[in-house]
Amino acid sequence: MKPSHLFYQSRLRRPFLDRAEGVYMWDIHGKKYLDGSSGAMVSNIGHSNPNVLAAMQKQMAKATFGYRLHFENEAAENLAERVAGLSPEGHDKVFFVSGGSEAVESAVKLARQYAVAKGEDSRYRVISRLPSYHGSTFGALALTGYAPLNDPFRPMYKDMPKIPAPRCYLDTDSLTNHERGLRYANMLQDKILELGPETVLAFIMEPVGGASTGALVAPDSYYQRVRDICDEHGVQLIYDEVMTGVGRTGAFLAAEHWNINPDIVALSKGFGAGYVPLGAVTAKDHIVETVLDAGGFQHGHTYAGNPIACAAGLAVLHEITSKGLMENTVTVGTLLKQGLEGLMTDFSFIGDVRGKGLLLAFELVSNKETMAPLPKDMNAYLKLSDIAYDKGLIIYPRRTRGGFEGDHFLVCPPMISTPAHVAEILETLTASLKQFAHENGL
Ligand code: PMP
């Protein structure tokens, strides 16, 4: 490979992408890959969808950009109407952005402006969870609980308070799942009281964890208790649905599984679905109206609501709703989860399988009883995903750090996946796990 002039996180080099269609991708050497993680849980409706491409082309032929202070555009208006129609009751207004970090920043700034407009200037703290991932810009990083990302920058931002994410699968107490859910939720209450409720602006959480926790699902009792605690203390509940939103867990929002109406919701990833950078924030009407009445939302990004992104987003939503992709996500997700659970019998070092819809993960351990992780220097998360990559299967690896260690892998193929794709994923994964076990003496 010739030296590159661009750089990302590391020196890792990958082959050039040639083309992609449906759930498959090909590099320039003709090698075929099954996109078993939809990129970074982005390409939810698969690659090169002709209807999305046509909608983008149609919009591009008319106008590619009109600055929002100079022109409104029909694509943005139609998309906002569609998103509002799919969102929880009262979320009638939509604020567009171009990515997940932007969505999270916008959600928090909206919450803050709402508090200020109500005369509650003392509220500024945003409680989040450890581990968690909310984005890479400074504000979103302050909420993110993931040591390798936080540590180098700590002096440069004001870290926000954290409570443990409910990683119940590691707990050894004798509580029921229901009790555990309440125990973790009550940690939010304790933290709010410790900080002083009058200083707490919001609590932000991923309803199903993403990259940092590997598809962590809390016990059912957690969700309503968190909602109640926020209500009791006047704390706004922000759902970061950047990864979970727009159908990935089998419902438009993961919040729907627990019948929760968050105050503010952040969306991205599957919204632009790999066709365009696109994100959005929805909020309860009284929040938006109060902020607008008090002089307006002092916030915005240049590319927000641009016509191409919105035309693409509209076509993506049309694909999801008209082709029953959320229903397919439930069916195929169930099949895939059962298959992953089946692997636990064959491979004793798979300690946990979790997730919802097609946001699924498995975690490796050295001992299933104690859930002790594999040694860090084994670099299991890199090794196994590289073996799978060589065999033509893309999965998304992470080693969780910051008090919790563990190698986990997100397996999140596009929502258009079929049972045949699931069988292919499981077959390649089995071969990869066998090779990994053999090479590492497991
Ligand atoms: N929130 C969550 C839950 C995410 O998963 C991500 C991306 N992994 C982000 C925020 C940040 O999104 P982006 O990378 O588009 O800025």
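The values are calculated or read from the model by the stated rules, or taken from the named source; none is laboratory data. Given the structure is predicted, the values throughout are model-derived calculations rather than measurements. All Cβ positions, even for glycine, are placed from backbone atoms using ideal geometry, and neighbour counts span all protein chains on display.
Filtering the stretch 120-149 to residues that are over 20 Å from residue 216 (Cα atoms), within 16 Å of the ligand (Cβ to nearest atom) and surrounded by fewer than 18 Cβ atoms within 10 Å (Cβ to Cβ) leaves 136, 137, 138. Within the span defined as the stretch 83-96, one or more residues are of a type in the set (A, V, I, L, M, F, W, C), assigned to a strand (DSSP E or B) and within 16 Å of the ligand (Cβ to nearest atom). In the condition set (1) crowded, with 17+ Cβ neighbours inside 10 Å; (2) under 23 Å from the mean Cα position of the chain (by Cα), residue 365 is compliant with all but (2). Just for the stretch 325-336: of the residues that are under 18 Å from the mean Cα position of the chain (by Cα) and closer than 15 Å to residue 36 by Cβ, which one is surrounded by the most Cβ atoms within 10 Å (Cβ to Cβ)? My answer is 329. Annotation note: Cβ proximity below 8 Å between a residue of the stretch 88-108 that is in the same structural domain as residue 204 (by TED's automatic domain parsing) and of a type in the set (D, E, K, R) and a residue that is within 14 Å of the ligand (Cβ to nearest atom) and part of a helix (DSSP H, G or I) (sequence gap 6+ or interchain) occurs for 105/139; 105/140.
The rows are residues; the columns are (1) of a type outside the set (A, V, I, L, M); (2) in contact with a strand residue (DSSP E or B) (Cβ under 9 Å, 6 or more places away or on another chain).
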{"site": "267", "(1), (2)": "no, yes"}
{"site": "285", "(1), (2)": "yes, yes"}
{"site": "289", "(1), (2)": "yes, yes"}
{"site": "308", "(1), (2)": "no, no"}
{"site": "334", "(1), (2)": "yes, no"}
{"site": "344", "(1), (2)": "no, yes"}
{"site": "357", "(1), (2)": "yes, yes"}
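The listed residues are 82, 123, and the only one of them that is within 28 Å of residue 187 (Cα to Cα), modelled with pLDDT of 95 or more, assigned by TED's automatic domain parsing to the domain that holds residue 264 and basic (Lys, Arg) turns out to be 123. Residue check: residue 161 meets all listed conditions (1) within 16 Å of the ligand (Cβ to nearest atom); (2) under 26 Å from residue 189 (Cβ atoms) but one, namely (1).
Residues in the stretch 199-222 that are of a type in the set (Ser, Thr, Tyr) and surrounded by fewer than 24 Cβ atoms within 10 Å (Cβ to Cβ): 199, 221.
Exactly one residue among 273, 372, 361 is in the same structural domain as residue 89 (by TED's automatic domain parsing) and not polar (S, T, N, Q), and that residue is 273.
Among the numbered conditions (1) assigned to a helix (DSSP H, G or I); (2) closer than 27 Å to residue 168 by Cβ; (3) out of contact with any helix residue (DSSP H, G or I) (no Cβ under 8 Å at 6 or more places or on another chain), the only one that residue 377 does not meet is (2).
Out of all the residues in the stretch 395-413, is one or more within 28 Å of residue 275 (Cβ to Cβ), surrounded by fewer than 17 Cβ atoms within 10 Å (Cβ to Cβ) and in contact (Cβ under 8 Å) with a residue 40 or more places away in the chain? Looking through the stretch 395-413, none of the residues is within 28 Å of residue 275 (Cβ to Cβ), surrounded by fewer than 17 Cβ atoms within 10 Å (Cβ to Cβ) and in contact (Cβ under 8 Å) with a residue 40 or more places away in the chain.
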